[in-house]
Amino acid sequence: MRLVNFVPIGTRIDFMRFRRYALMFSAVMCALSIALFAVRGLNFGIDFRGGILIEVRTQGPADIGALRGKLEGLGLGAQLQGFGADTDVLIRIQRQDEGEGAQEAVVKRVRDALGSGVEYRRVESVGPKVSGELIEAGTEAVILALLAMLIYIWFRFEWQFGVGGVVALAHDVILTIGVFAALGLEFNLTTVAAILTIAGYSINDTVVVYDRVRENLRKYKTMPLDDLLNLSLNETLSRTILTSGTTLIAVFSLYIFGGPVISGFSFAMIWGICVGTYSSIYIATPLLIHMNLRRSGVAEDGGETRTAES
């Protein structure tokens, strides 16, 4: 079967020519993202701030758009999601700051707005203690995922590859948090899931490039490292475009047609795919030059590796 090449064979784009500008640009963007997070913070959703969860059942198939329209005028930031049977709807409302009495008042306002045409099956309140535990668990999940990927790449390749891959991943996570802080988008457990997905996607793209770099280090023993990295990036460019393009098509469809329930997840994925592709080319790969990658660290045979010289 003949493979489709979206990038002509023999393409020689000089990526490394712009590596210093790209690294400086990324450093500025990461610093700006950290500053936005520190000054503005994140717009935490119900999962992290606490709130009220109401499960209702309609007499017929639920018209979520009509139910949402009834609640929008209350200014409670209500989120509606269908689940299970087509008559069941979950309503999430952000926790009010005025105490438990305010929570009860909100539930009464929702009941008045929806009227008697729905059955209230469950009303739950997510307290600040639970939300704090979710923040801690989400942070630990992201950090442990990055550490696990560092260990994998370190053993699979060399320590320079491991550090480069994790720096690129941290870059992607920081910029994703920065764009959520800048735009004031809701940050919830779905967003954490998107960040973990972005990390897995980005490291997969980076490993493909790193594997080609390792092959070319064995094949071209006298080629300058800048040229070798450019060659490796160009050889994997077609695969990168195909993978990123097809994934973006799917995620854009979710963003456009999926509704507000998964809009945050879809937006984070779109941003993460673009940033992850950029970081694989202009962060993870150029760092190999700045960390003084040596050819002696790559074994001569059989895909085996040994510790790089320091």
The chain - convex hull of alpha carbons, volume per residue in Å³: 169 Å³
If you build a Gaussian network model of the chain, linking Cα atoms that sit under 10 Å apart, which residue out of Ile34, Ile283, Ile270 swings the most? Ile34
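Fewest Cβ neighbours within 10 Å first, please rank Met269, Met223, Met24 accordingly.
On the way: Met269 26, Met223 15, Met24 10.
Neighbour counts put them in this order, fewest first: Met24, Met223, Met269.
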With equal scatterers on the alpha carbons only and no solvent term, can you work out the Debye log10 of I(q)/I(0) for the stretch 51-126 at 0.20, 0.22, 0.24 1/Å? -0.80, -0.97, -1.16
Using each residue's phi in the stretch 273-283, evaluate 6.51 cos²θ - 1.76 cosθ + 1.60 at θ = phi - 60° and report the 3J(HN,Hα) Karplus result to the nearest Hz, with x for Gly and Pro. 5, 5, 5, x, 5, 4, 5, 4, 8, 10, 10
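Taking the Cβ-Cβ separation of Arg68 and Ile249 as r and a Förster radius of 25 Å, what is the calculated FRET efficiency to the nearest 0.05? Mind dumping the intermediate values first?
Numbers: r = 28 Å, r/R0 = 1.10.
The formula returns an efficiency of 0.35 here.
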Counting only helical runs of four or more DSSP H residues, what would the 222 nm mean residue ellipticity of the chain come to if each run contributes -39,500 (n - 2.57) and the total is spread over all its residues? -20500 deg cm²/dmol
Treat every Asp and Glu Cβ in the stretch 19-75 as -1 and every Lys and Arg Cβ as +1, leave all other atoms uncharged, and give the resulting dipole magnitude about the Cα centre to the nearest 20 debye. 340 debye
Calculated FRET efficiency, Ser125 and Asp211, Cβ-Cβ r, R0 45 Å, to nearest 0.05? 0.35
What ranking do Leu229, Leu146, Leu74 get, fewest neighbouring Cβ atoms within 10 angstrom at the top? Leu74, Leu146, Leu229
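Relative contact order for the stretch 51-126 using alpha-carbon pairs under 8 Å, separation at least 6, rounded to a whole percent? Write out the running numbers ahead of the final one.
Details: 117 pairs, mean separation 37.3, N = 76.
About 49 percent, as a whole number.
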Rounded tilt (10° steps) of 225-257 against the dominant C-alpha axis of the chain: 20 degrees
GNM on the chain, C-alpha springs below 10 Å: top fluctuator among Asp205, Asp47, Asp226? Asp226
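Read-outs throughout are calculated quantities, based only on the coordinates presented, and are distinct from any laboratory measurement. Note that the structure is predicted; figures quoted are calculated from it, not measured. As a convention, Cβ positions derive from the backbone with ideal geometry for all residues, glycine included, and neighbour counts pool all protein chains shown.
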